[in-house]
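In what follows, a single structure is set out as structure tokens and then discussed.
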């Protein structure tokens, strides 16, 4: 079900493990290529530089919280509050900019707010011992309330070139969100595969009790992961506010499901113990390609919801079938 | 615990062991923690009701209480079924989508064939939604959490598709129809939706406490492994639970839509979270295996009363969310303490530490 920390001799098997991991994310590439081919044939706009840039930018934006959520899910937990964090970060940043503060300071304050929400989640989960699902459900409601109260129900509309640069700017011709995503993805990959912290996260996801008994600082690692998710939610909020040039208590409704969907479609098991950074990136591209295609085909938004829901269910069925195939098939009889 | 002979008291035991099995069982069931676990949230509700005149002078009027009960019914009905699921260590996150979909189809049914057809359509749609969830979880082996998360999108999406050309609504000319009575009628001063809710809790209570199926639901929640070794089929039970949830949404949608008269794909956004919050607030453990229906019942009313008090004292909607979220967290933090004191004699064990330090004779 989950891989434990490799023992001696596992090093020899590492290339094979890496290969099998690569194959595991391959099933995502197949529908992705298929959909791309279908869209290229069905619409004349899909295969244009502008449109593909749109897809990649949208995928990049949702991949940033997705990557943080990958850590959280690999730890066997959820953070449902991320959509509210998006709203609060955007609202605080835009209100500060409207209030005459420099955009850089406002953005930094926004990120700090995101980190604070993450810290709150972490403390409620570790110190009060509340189940993460419900704790973050409660903070989802609370933070949304704070965001609505903070903005007083009004939109904070800004026109700041610094903030705008975040979503619309380009560095050497590469869109800024893509740069941010690349940096985040590299950091996440390095963290998961090359650091002690990443190994700790997966160890906690495999078996928290065993991790605690092995002397890992379980609570500290969990709190840190929630702070990371909070900051990533903050970056998401900045990007969304930058795109729309406003902050509002209404932004980010239901975003938590997007972030989780991307991770789950990417193949990170909900049972914890495993993180697939490449899978999450592919999952983000897949979802945004589908959204883009449905838009190009003039599909009503209602069908978009249905198709993303079905996609989630199909991805999970495949995941469950693969998991149950050899060893566990007899388990549930 | 089935043996008739009382165990000899261990050397240095702090409390004299109760003599008979009956006494011991009584002690176990009436420890502070156990009583609190069942009745705690009800006590909070009673205190809140007693304090309500201080908070809002208009609260304790018949009309207002009727409106609170009527408002709470649809949430309460689904929460009863959800309690079964949470006791069984599963979730159904799709109830919000189900409620929107069932409300839409019910109104379509009413437009096509009056009250009878509307009721039939509501129940059939609800059960069908539940069966789809159940099939995904049992036949396709998708983890319940995400299966129902996916179906939340799908159900809501279908509701959106059905209401593409504007929300479904009852025309005003239907004000005298029996369908509207479902949500609006008072019997002896008590709103009909609330009576339906009470009846529903009664039925679920019988299922849970008086049938073998109920024991199986709890058994699986408290230890899946042990239940499996006893030959309990998880799949049949899960299927049943999801169908019961679907049915409850069908009933709830009837009481809901006959009161608000209109529905579309956006109806009751976030409903699933409110249902689960009520169940958890009522003391049902998310780890499965334990919980009480009376807890859920009181929690639903508590949330309804709290909401009403906040609204009538003019608190802004955004602060209402903050208050409700904080209540949820507090309840769960207390839940930790509650579990700690649920074992018999645990309260006594915590207080007099020094006794243990005294040397045994």
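Things worth noting here:
- Qualifying residue in the stretch B:156-169 (condition: crowded, with 16+ Cβ neighbours inside 10 Å, within 14 Å of chain A (Cβ to nearest Cβ) and under 22 Å from residue A:259 (Cα atoms)): yes
- Of residues in the stretch B:325-340 being surrounded by fewer than 17 Cβ atoms within 10 Å (Cβ to Cβ), at pLDDT below 70 and more than 8 Å from every other protein chain (Cβ to nearest Cβ), the one nearest to the chain's Cα centre (by Cα): B:337
- When the criteria are applied in full, residue A:65 meets the requirement of being buried (at least 24 other Cβ atoms within 10 Å of the Cβ) and either within 14 Å of chain B (Cβ to nearest Cβ) or touching a helix residue (DSSP H, G or I) at 6+ places or on another chain (Cβ under 9 Å) (or both).
- Residue within the stretch B:220-231 that is free of Cβ contacts under 8 Å to residues at least 40 places away in the same chain and surrounded by 20 or more Cβ atoms within 10 Å (Cβ to Cβ) present: yes
- Out of A:320, A:315, one residue alone is more than 8 Å from chain B (Cβ to nearest Cβ), out of contact with any strand residue (DSSP E or B) (no Cβ under 6 Å at 6 or more places or on another chain) and either buried (at least 18 other Cβ atoms within 10 Å of the Cβ) or touching a residue at least 60 places away in the same chain (Cβ under 8 Å) (or both). It is A:315.
- Helices (runs of 4 or more DSSP H) wholly inside the stretch A:132-197 containing at least 3 residues that are touching a helix residue (DSSP H, G or I) at 6+ places or on another chain (Cβ under 9 Å), modelled with pLDDT of 90 or more and more than 14 Å from chain B (Cβ to nearest Cβ): A:176-194
- Matching residues in the stretch A:29-62 - criterion: being surrounded by 19 or more Cβ atoms within 10 Å (Cβ to Cβ) and outside any helix (DSSP H, G or I): A:46
- Boolean, residue B:227 is within 14 Å of another protein chain (Cβ to nearest Cβ), modelled with pLDDT of 85 or more and under 24 Å from the mean Cα position of the chain (by Cα): yes
Yes/no per residue for (1) part of a helix (DSSP H, G or I); (2) at pLDDT 85 or above; (3) over 24 Å from residue B:25 (Cα atoms):
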| site | (1), (2), (3) |
| --- | --- |
| B:285 | no, no, no |
| B:298 | yes, yes, yes |
| B:301 | yes, yes, yes |
| B:310 | yes, no, yes |
| B:315 | no, no, yes |
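- Residue in the stretch A:89-102 that is surrounded by fewer than 22 Cβ atoms within 10 Å (Cβ to Cβ), over 23 Å from residue B:275 (Cα atoms), within 10 Å of chain B (Cβ to nearest Cβ) and more than 20 Å from the chain's Cα centre (by Cα) present: no
- Among the candidates A:184, A:195, residue that is under 29 Å from residue A:123 (Cβ atoms) and surrounded by fewer than 20 Cβ atoms within 10 Å (Cβ to Cβ): A:195
- For the stretch A:222-229, the criterion of a residue being part of a helix (DSSP H, G or I) and surrounded by fewer than 17 Cβ atoms within 10 Å (Cβ to Cβ) is satisfied by no position.
- Taken as a whole, the structure places residue A:289 among residues that are more than 10 Å from chain B (Cβ to nearest Cβ), within 17 Å of the chain's Cα centre (by Cα), at pLDDT 85 or above and more than 17 Å from residue B:152 (Cα to Cα).
- Test result for residue A:249, more than 14 Å from chain B (Cβ to nearest Cβ) and either closer than 26 Å to residue A:197 by Cβ or touching a helix residue (DSSP H, G or I) at 6+ places or on another chain (Cβ under 6 Å) (or both): no
- Taken together, B:275, B:280 contain a single residue that is assigned to a helix (DSSP H, G or I), within 7 Å of chain A (Cβ to nearest Cβ) and farther than 20 Å from residue B:53 by Cα, which is B:280.
- Set B:268, B:320: member being facing chain A (nearest Cβ under 8 Å) and either under 25 Å from residue A:121 (Cβ atoms) or not in a helix (DSSP H, G or I) (or both): B:320
- Checked against (1) touching a helix residue (DSSP H, G or I) at 6+ places or on another chain (Cβ under 7 Å); (2) surrounded by fewer than 14 Cβ atoms within 10 Å (Cβ to Cβ), residue B:172 passes all but condition (1).
- Condition check for residue B:241: touching a helix residue (DSSP H, G or I) at 6+ places or on another chain (Cβ under 9 Å), under 21 Å from residue B:138 (Cβ atoms) and within 14 Å of chain A (Cβ to nearest Cβ): no
Yes/no matrix, rows are residues, columns are (1) under 24 Å from the mean Cα position of the chain (by Cα); (2) buried (at least 24 other Cβ atoms within 10 Å of the Cβ); (3) away from chain A (no Cβ under 14 Å); (4) at pLDDT 85 or above:
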site	(1), (2), (3), (4)
B:132	yes, no, no, yes
B:135	yes, no, no, yes
B:141	no, no, no, no
B:177	no, no, yes, no
B:184	yes, no, yes, no
B:193	yes, yes, yes, yes
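The values are calculated or read from the model by the stated rules, or taken from the named source; none is laboratory data. These numbers come from a predicted model, not from an experiment. Quick reminder, even Gly has a Cβ in these numbers, built from the backbone with ideal geometry, and neighbours come from all protein chains shown.
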